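What follows is one structure encoded as structure tokens, with my remarks underneath.
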Amino acid sequence: FLALALAFSRDFEDGYFANLVKDHKSSFYLILLKATPFLIMLPFIWLIISSFFVYFRITADIFNFPMLVLTVLLTLASMFIGMLFSIAIPSQLKATELLMVISTPAFILSGFTWPTAAMPHAITSVAQFIPVTQFLSGFRRIAFYGGDLDSISSEITMLSLITGVAFVAMVLLLQFKMNREVKKQKVTIEA
């Protein structure tokens, strides 16, 4: 969340966004451009994290295809939400503050520190839209109960939905801001 909250908000703040728009007219291209460093780094980060399971002899079955699917979906959902906030909020400070306000209670609401079964229904309903909630539910089913893709189909569906909605919103909002910047540049040139 936090690293990607700076992906576009910094460009908006320092005026570099105008240069990006001059060079490229596709929001999809700019999103891919900003996401590439993270897409390169994240497999290494996940590899390091998974090696802790081996090093500390944690008996959880995490080296399988269902866990890979779940991890990729969590990564994409988190990336796209962070980038969406970066596009929606042009201030680096405000974008990171707002994402901290969201991510901090996510640990509690997701069931990471407190069981979701002990929470009121209204809170657990909201928690279903937090990517880590779905990940933890699927993680338990795969790592400790030997689940397969069918056993985590609801988590996969929800993570895919979160990823898809965040991606579409991000592409549309960025394209809107790009079009607005192009019009602004044309007015400046004509004046």
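The values are calculated or read from the model by the stated rules, or taken from the named source; none is laboratory data. These numbers were taken from a predicted model, which means no experiment stands behind them. Glycine gets a Cβ as well: all are built from the backbone with ideal geometry, and neighbour counts include every protein chain shown. These accessible areas exclude ligands, DNA and RNA; they are computed on the full protein's heavy atoms, side chains included. Shrake-Rupley method; radii C 1.70, N 1.55, O 1.52, S 1.80 Å.
Inside the range 145-191, can you point out the residues that are hydroxyl-bearing (Ser, Thr, Tyr), surrounded by fewer than 19 Cβ atoms within 10 Å (Cβ to Cβ) and at pLDDT 95 or above?
151, 153, 154, 157, 160 - these are the residues of the range 145-191 that are hydroxyl-bearing (Ser, Thr, Tyr), surrounded by fewer than 19 Cβ atoms within 10 Å (Cβ to Cβ) and at pLDDT 95 or above.
For residues that are closer than 14 Å to residue 137 by Cβ and outside any helix (DSSP H, G or I), scanning just the range 115-126, find the one that is most open to solvent (accessible area, probe 1.4 Å).
Looking at residues that are closer than 14 Å to residue 137 by Cβ and outside any helix (DSSP H, G or I), I get 115.
Which ones in the range 26-82 are over 23 Å from residue 128 (Cα atoms) and of a type in the set (Val, Ile, Thr)?
31, 36, 40, 45, 48, 49, 54, 58, 59, listed by residue number.
Can you spot a residue in the range 136-144 that is among the hydrophobic types (A, V, I, L, M, F, W, C), open to solvent by 40 Å² or more (accessible area, probe 1.4 Å) and not in a helix (DSSP H, G or I)?
Scanning the range 136-144 turns up at least one residue that is among the hydrophobic types (A, V, I, L, M, F, W, C), open to solvent by 40 Å² or more (accessible area, probe 1.4 Å) and not in a helix (DSSP H, G or I).
If a residue has to be open to solvent by 80 Å² or more (accessible area, probe 1.4 Å) and over 18 Å from residue 170 (Cβ atoms) to count, how many in the range 16-32 make the cut?
Number satisfying all stated conditions: 3.
Just the residues that are in contact with a Leu (Cβ under 9 Å, 6 or more places away or on another chain) and surrounded by 22 or more Cβ atoms within 10 Å (Cβ to Cβ), please, taken from the range 5-15.
5, 8, 9
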